[in-house]
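Trainee: I am attaching a structure below and will ask some questions about it afterwards.
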Amino acid sequence: QKDLKWNQAIIALFSAEGMDTFIKVLQKLTSLLLLPWRLHGPMGPTAQRLMMLSVASCSLRLIRAMLTELLCGGNCEFRDVRVPSVCVALHKILCSTPTTGRLDAEELRIQGDVTEILLTFTHAVSEQETGSEETVAGNSWSLMLKEVLNSILAAPENIYSSLSLLSELLPLPLPMQTTQVLNIQVPVAADCPTYRSSDPNPCELAD
């Protein structure tokens, strides 16, 4: 009964334009933070920084909840590319160049939220449909991955952040994060376009 009430609340939130609202909140937040980030300046006073991180984290978690409810059945497509686009931009600003040299707890939480949202797109294709090349090329997962790849080429400032994010999404890490020689099976598995589309991640939200 508790799960049904939760699902009903998420559906009601989506029906009330909740997805569009939280996307716009994140877009506004990234636009405000982009210039200070490019100038290597702080977000602002500590209280303001914590407020911005809290707004970003709450918005990301609600977007993830709505996406999970929509896509976990494998029968729906979500083609609004604003979600992966704003996630990539937010990850670049908040998680690629921490002012202290390492990500703090809040930044790590946002990085995890962004990754989980993008991985939620793997639920958009059912196992029965993953054998179709046309389905794989046009599904929600492929559109999301295209946004991540396009961001790598969009500007030099995006390269490190987008590659790090891409590494989190792949079934195997990119060589940029390993000092060991990859065996012959790794490139073969990484080249398989349907591998991640059929990822059977459970449709459950983390606490």
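Trainee: Among the residues of region 61-80, is there at least one that is out of contact with any helix residue (DSSP H, G or I) (no Cβ under 6 Å at 6 or more places or on another chain), in contact (Cβ under 8 Å) with a residue 40 or more places away in the chain and closer than 20 Å to A154 by Cα?
Mentor: yes
Trainee: Between F78, F14, which is among the aromatic types (F, W, Y) and under 19 Å from L145 (Cβ atoms)?
Mentor: F78
Trainee: Looking for whichever is modelled with pLDDT of 60 or more and in contact with an Asp or Glu (Cβ under 7 Å, 6 or more places away or on another chain) here; the options are L169, L94, L103. Which one fits?
Mentor: Within the list L169, L94, L103, the selection yields L94.
Trainee: Inside region 119-165, can you point out the residues that are at pLDDT 85 or above and not in a helix (DSSP H, G or I)?
Mentor: A155
Trainee: Separate question: Name the single residue that is nearest to the chain's Cα centre (by Cα) among those in region 20-41 being farther than 19 Å from S57 by Cβ and in contact (Cβ under 8 Å) with a residue 12 or more places away in the chain.
Mentor: R38
Trainee: I'd like to verify a number: residues in region 46-78 that are surrounded by 15 or more Cβ atoms within 10 Å (Cβ to Cβ), part of a helix (DSSP H, G or I) and not charged (D, E, K, R), how many?
Mentor: Qualifying residue count, region 46-78: 15.
The values are calculated or read from the model by the stated rules, or taken from the named source; none is laboratory data. Only a predicted model underlies this, so the values are computations on that prediction, with no experimental measurement involved. FYI the Cβ positions are ideal-geometry reconstructions off the backbone, even for glycines, and counts take in every protein chain you see.
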